[in-house]
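Below are the structure tokens for one structure; questions will follow.
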Amino acid sequence: MNEWMRDPRVEQAETDAFLAERAERRGNFTEARGLYHRAAESLAGVALGVPADHPNTRSDLAIASIASFARAGDFGRAIEFGQRMLAEGDALTPSGRGEI
């Protein structure tokens with residue numbers, strides 16, 4: 001596992017996503033959306049800090065962030081962040097670009 005995946009923000013995002021899924025199962029959608037949004041912001045922050053010469057990690061974190069924004073119901077932010085990442089498409093894997 002590389003240094004970016006061990007970043008405390010990634011660990012917190014994983015916890016937030018887990019708690020969000022649990023909140024969804026319990027029918028607490030407001031709480032779930034907040035947790036997904038917090039996870040997405042954390043993942044986005046880390047993804048932007050990953051250098052272009054690590055496209056796998058950058059792609060994985062970007063995709064996770066975009067998916068979390070969408071799960072939070074913030075489709076505008078999901079699109080905005082996806083476009084931001086695609087602006088540096090060479091820093092992503094081909095499959096990452098396609099997924100985004």
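Kindly indicate the residue of region 68-77 that is open to solvent by 10 Å² or more (accessible area, probe 1.4 Å), in a helix (DSSP H, G or I) and touching a residue at least 24 places away in the same chain (Cβ under 8 Å) and also farthest from Arg6 (Cα to Cα) among those meeting that condition.
Among those that are open to solvent by 10 Å² or more (accessible area, probe 1.4 Å), in a helix (DSSP H, G or I) and touching a residue at least 24 places away in the same chain (Cβ under 8 Å), it is Arg77.
Quick check on Ala62: is it open to solvent by less than 30 Å² (accessible area, probe 1.4 Å) and either of a type outside the set (Lys, Arg) or more than 24 Å from Leu92 (Cα to Cα) (or both)?
Working: open to solvent by less than 30 Å² (accessible area, probe 1.4 Å): yes; either of a type outside the set (Lys, Arg) or more than 24 Å from Leu92 (Cα to Cα) (or both): yes.
When the stated conditions are applied, Ala62 passes them.
So, in region 6-31, of the ones that are open to solvent by less than 50 Å² (accessible area, probe 1.4 Å) and touching a residue at least 24 places away in the same chain (Cβ under 8 Å), which residue ends up farthest from Ala67 (Cα to Cα)?
Checking each candidate, the answer is Asp7.
Have a look at Ser65, Ser95 and point out the one that is of a type outside the set (Val, Ile, Thr), closer than 18 Å to Asp7 by Cβ and part of a helix (DSSP H, G or I). Quick ask: steps written out before the conclusion?
On the way: Ser95 fails: closer than 18 Å to Asp7 by Cβ.
Testing whether each residue is of a type outside the set (Val, Ile, Thr), closer than 18 Å to Asp7 by Cβ and part of a helix (DSSP H, G or I) leaves just Ser65.
Among (1) hydrophobic (A, V, I, L, M, F, W, C); (2) under 20 Å from Val10 (Cα atoms); (3) open to solvent by 30 Å² or more (accessible area, probe 1.4 Å); (4) assigned to a helix (DSSP H, G or I), where does Ala52 come up short?
Of (1) hydrophobic (A, V, I, L, M, F, W, C); (2) under 20 Å from Val10 (Cα atoms); (3) open to solvent by 30 Å² or more (accessible area, probe 1.4 Å); (4) assigned to a helix (DSSP H, G or I), only one is false for Ala52: (4).
When you look at Ala40, is it touching a Phe, Trp or Tyr at 6+ places or on another chain (Cβ under 7 Å) and closer than 21 Å to Ile79 by Cα, yes or no? Walk me through how you get there before you give the answer.
Numbers: touching a Phe, Trp or Tyr at 6+ places or on another chain (Cβ under 7 Å): yes; closer than 21 Å to Ile79 by Cα: yes.
So Ala40 passes the test.
The values are calculated or read from the model by the stated rules, or taken from the named source; none is laboratory data. This one's a predicted model, so the numbers in the text were calculated from it and none came from an experiment. Cβ: placed from backbone, ideal geometry, glycine included. Neighbour counts: every protein chain shown. Protein only, heavy atoms only, side chains kept; ligands, DNA and RNA dropped before computing areas. Shrake-Rupley method; radii C 1.70, N 1.55, O 1.52, S 1.80 Å.
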